[in-house]
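*Asks:* Handing you this structure, nothing more for now.
The values are calculated or read from the model by the stated rules, or taken from the named source; none is laboratory data. Predicted, not measured: the structure shown is a model, and the values here were computed from it. Heads up, the Cβs are rebuilt from the backbone with ideal geometry, glycines too, and the neighbour counts pull from every protein chain shown. Heavy atoms of the whole protein, side chains included, go into the accessibility calculation; ligands, DNA and RNA do not. Shrake-Rupley method; radii C 1.70, N 1.55, O 1.52, S 1.80 Å.
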Amino acid sequence: MNNMKHTVVLTGRLMKHILRSPDTLITVAITPIAIMLMFVYVFGGAVKTSMAANINYVNYQLPGILLMAIASGIAYTAYRLFMDVQNGMFLRFNSMPIGRSAMLWSHVLTSLVSNMITVIIILLVALIIGFRSSAGILNWLAVVGILVLYTLALTWVAVIPGITAKSMEGASAFSYPLLFLPFLSSAFVPTATMPFVLRVFAENQPVTSMVNSIRALLSAKPVGNEIWVALAWCAGIIVVAWFFAMRAYKSRI
């Protein structure tokens with residue numbers, strides 16, 4: 001119980017830093033929004049030639065944009081962790097009567113909250129430029145669940161470099177490949193239009209199953225097995241990343 005209370009207090013500490021300097025949230029949201037606008041208004045006409053005429057391209061590419069925003073946001077999680085390690089905050093708090101894992105969990109929860117705020121910002125912009133959804137409340141809850149699990153999965157990945165990196169650049173550089181993954185998925189174009197080798201990779205990497213699941217849920221269409229594949233990817237990443245993150249954390253305390 002005390003550990004949970006300490007986690008909430010430390011999460012509040014981190015959220016105050018973010019809210020006092022909202023440029024972090026704005027920076028995380030700007031790049032995905034710019035890419036969304038570029039694909040809709042610059043490339044959208046050309047891309048739609050390979051799709052059915054009735055497809056709303058804003059709806060089509062929004063799931064990939066949301067996953068890209070989360071990948072961008074967790075780079076700041078690694079950065080915040082790195083700064084707390086370098087500034088001695090971990091050692092300082094661990095010398096106090098505070099739950100040992102509270103410091104780490106506060107960063108995880110802060111990542112979750114801040115990334116969900118970014119997701120809301122992007123959804124509002126998408127609504128302005130034409131996003132529409134026929135999804136019911138259960139579909140929306142399922143979408144939120146996938147986004148939360150994806151955020152937790154990438155956050156635990158971010159914890160590892162955040163604790164072990166030797167430089168600020170090293171702490172956040174891991175996120176670059178994660179930002180690139182949506183481009184090699186079904187996020188922006190159908191995988192059927194890709195060369196064979198790229199298509200095989202795109203159809204069997206985690207982002208594609210998550211994009212397809214979110215897209216189907218927002219369109220109120222059958223999801224099929226895609227959602228189970230997406231959930232399995234998230235659960236697998238969380239378990240593996242958590243194991244190595246905790247090993248790195250214990251080596252620091």
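*Asks:* Need the failing condition index for Thr155 against (1) closer than 24 Å to Ile33 by Cβ; (2) surrounded by fewer than 21 Cβ atoms within 10 Å (Cβ to Cβ), just the number.
*Replies:* Every listed condition holds for Thr155 apart from (2).
*Asks:* Kindly indicate whether any position in region 94-109 is at pLDDT 85 or above and β-branched (Val, Ile, Thr).
*Replies:* Within region 94-109 (the criterion being at pLDDT 85 or above and β-branched (Val, Ile, Thr)), the answer is yes, since at least one residue qualifies.
*Asks:* Hey, can you tell me all the residues within region 158-215 that are part of a loop (DSSP other than H, G, I, E, B) and among the hydrophobic types (A, V, I, L, M, F, W, C)? Spell out the reasoning first.
*Replies:* The initial filter retains those residues of region 158-215 that are part of a loop (DSSP other than H, G, I, E, B), namely 165-167, 173-174, 185-190, 194-195, 204-205.
Selection gives Ala165, Ala173, Phe174, Ala187, Phe188, Val189, Met194.
*Asks:* With the requirement that a residue be open to solvent by less than 40 Å² (accessible area, probe 1.4 Å) and of a type in the set (A, V, I, L, M), what does region 213-236 give you?
*Replies:* Ile214, Ala216, Leu217, Leu218, Val223, Ile227, Ala230
*Asks:* Condition test on Thr118, is it modelled with pLDDT under 95, open to solvent by less than 10 Å² (accessible area, probe 1.4 Å), in a helix (DSSP H, G or I) and within 20 Å of Trp105 (Cβ to Cβ)?
*Replies:* No.
*Asks:* Consider region 190-211. How many of its residues are open to solvent by 40 Å² or more (accessible area, probe 1.4 Å) and of a type in the set (S, T, N, Q)?
*Replies:* 2
*Asks:* Which is over 19 Å from Thr191 (Cβ atoms) and open to solvent by less than 20 Å² (accessible area, probe 1.4 Å), of Met68, Met36? First the steps, then the outcome.
*Replies:* Details: Met68 fails: over 19 Å from Thr191 (Cβ atoms).
None of the others qualify; the one that does is Met36.
*Asks:* Scan region 134-146 residue by residue and report those that are under 15 Å from Ser213 (Cβ atoms), open to solvent by 10 Å² or more (accessible area, probe 1.4 Å) and in a helix (DSSP H, G or I).
*Replies:* Result: Leu138, Asn139, Trp140, Leu141, Ala142, Val144, Gly145.
*Asks:* Still on this structure: If the Cβ limit is 6 Å and pairs must be 6+ apart or interchain, which residue in region 167-183 that is farther than 16 Å from Thr151 by Cα pairs with which residue that is not hydrophobic (A, V, I, L, M, F, W, C)?
*Replies:* Ala171/Tyr79; Ala171/Pro161; Ala171/Gly162
*Asks:* What is the residue count in region 123-133 for residues that are open to solvent by less than 80 Å² (accessible area, probe 1.4 Å) and either among the β-branched types (Val, Ile, Thr) or on the phi > 0 side of the Ramachandran plot (or both)?
*Replies:* Going through region 123-133 one residue at a time, the tally reaches 3.
*Asks:* Right, another one. Just one of Ala245, Ala187, Ala171 is over 22 Å from Ala52 (Cβ atoms), in contact with a Gly (Cβ under 6 Å, 6 or more places away or on another chain) and surrounded by 22 or more Cβ atoms within 10 Å (Cβ to Cβ); which is it?
*Replies:* Ala171
*Asks:* Further, regarding this structure: Would you check which residues across region 39-86 are among the polar types (S, T, N, Q) and free of Cβ contacts under 8 Å to residues at least 60 places away in the same chain and list them?
*Replies:* Result: Thr49, Asn54, Gln86.
*Asks:* Can you tell me which residues in region 112-134 are farther than 20 Å from Thr151 by Cβ and touching a residue at least 24 places away in the same chain (Cβ under 8 Å)?
*Replies:* Residues satisfying the conditions are Ile129, Gly130, Phe131, Arg132, Ser133, Ser134.
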